[in-house]
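This report refers to the structure that appears directly beneath it.
The values are calculated or read from the model by the stated rules, or taken from the named source; none is laboratory data. No experiment lies behind these values; they were computed from the predicted model shown. Please note: Cβ atoms are built from the backbone with ideal geometry, for glycine as well, and neighbour counts cover all protein chains shown. Areas reflect the complete protein model, heavy atoms only, side chains present, ligands, DNA and RNA absent. Shrake-Rupley method; radii C 1.70, N 1.55, O 1.52, S 1.80 Å.
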Amino acid sequence: MKRTNIQDKGSTMEISTEKTRIGFIGLGIMGHSMAGHLLDAGFSLHLYNRTKSKADDLVERGAVWEDRISDLAARSDIIITIVGDPKDVEKIYLGPSGILENAGQGSMAVEMTTSDPNLAQTLFDKGLEKGIQVLDAPVSGGDLGARNATLSIMVGGEKKTFEEALPVLEIMGKNIVYQGKAGAGQHTKMANQISIAAAMVALCEAMAYVSRAGLDPETVLTCISKGAAGSWSMDNLGPRIIKGDFAPGFSIKHFIKDMGIALESGKTFDLDMPGLDLALSMYRKMAEKGLGEDGTQGLYKLYESKE
């Protein structure tokens, strides 16, 4: 891997597979693949996850398991996190055993969970107090994007820190864009989720219409996906709906969390979002039916159940 030397506030982090130790926290549907790409690239990789068994195959391939977040933070130059929700983010970053109390001065943390923009600002500010640069860098692309290293990554924080982290981010994604100051990455992800929420309702409604009209769904998708209705969701989740594959590339329970954050953020701007309200109410019905672990395309079941 090519080395990069970027000056940031008078200090230099030299990123190379030979010298840079990466800590990775969160080995879920997306995180496991992302960590695997870093390991394949040749980095020294230190892992922590609530369920240790999810790290077993990565450890067999050469990663190092850490029993405590504090140990991982102390032994890593760059710490990458992608966990469940804002409460999980607070738990791993703040407090005496968290990342910011135990990472070394001059280290970097890249927080990739979809989380609260205000929390991203808090982590950035507290990181500066400790001499630790924090980026908020949520991702989009689901399980496929994580497996194929084609994630979209939207980044907030110091521009120079972003430039320094870019060689590492490029191992996990393709569309990597600096959005602005701390919290800007999370705000961009909220815009992404708002767009997807309405699109998923429309996609599932369209597929239900196709079914009721007695049309061949694959033939219809082949046609409309190439026109004005085309979208990532249609290309990637439409075929899953046809196959009855509702396994999560991104789960309903996490999508509900994201929509809730977006609505709360919108309130701070005095912004009404009736489309998002509708989508959230429909996904909450899914969760009430015990289907929170389904992928977002599982919303189709609401229409199917009325047939």
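Helices (runs of 4 or more DSSP H) wholly in segment 209-307 with at least 3 residues that are open to solvent by 60 Å² or more (accessible area, probe 1.4 Å) - which ones?
Hits in segment 209-307: 217-224, 232-243, 252-268, 274-288.
Which condition from (1) under 16 Å from the mean Cα position of the chain (by Cα); (2) under 21 Å from Asp143 (Cβ atoms) is the one that Lys87 breaks?
(2)
So, of the residues in segment 98-113 that are among the polar types (S, T, N, Q) and out of contact with any helix residue (DSSP H, G or I) (no Cβ under 6 Å at 6 or more places or on another chain), which turns out to be most open to solvent (accessible area, probe 1.4 Å)?
So, considering only residues that are among the polar types (S, T, N, Q) and out of contact with any helix residue (DSSP H, G or I) (no Cβ under 6 Å at 6 or more places or on another chain), the one most open to solvent (accessible area, probe 1.4 Å) is Gln105.
Listed here are the residues, each with its yes/no results for (1) part of a helix (DSSP H, G or I); (2) open to solvent by 60 Å² or more (accessible area, probe 1.4 Å); (3) in contact with a strand residue (DSSP E or B) (Cβ under 9 Å, 6 or more places away or on another chain); (4) closer than 23 Å to Pro248 by Cβ.
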site	(1), (2), (3), (4)
Ser115	no, no, yes, yes
Leu166	yes, no, yes, no
Leu169	yes, no, yes, no
Ala182	no, no, yes, no
Ala206	yes, no, no, yes
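Just one of (1) within 30 Å of Leu263 (Cα to Cα); (2) assigned to a helix (DSSP H, G or I); (3) polar (S, T, N, Q); (4) open to solvent by less than 50 Å² (accessible area, probe 1.4 Å) trips up Ser70, so point out which.
In the conditions (1) within 30 Å of Leu263 (Cα to Cα); (2) assigned to a helix (DSSP H, G or I); (3) polar (S, T, N, Q); (4) open to solvent by less than 50 Å² (accessible area, probe 1.4 Å), Ser70 misses (1) alone.
Just checking, how many residues over segment 4-57 are modelled with pLDDT under 95 and touching a strand residue (DSSP E or B) at 6+ places or on another chain (Cβ under 6 Å)?
5
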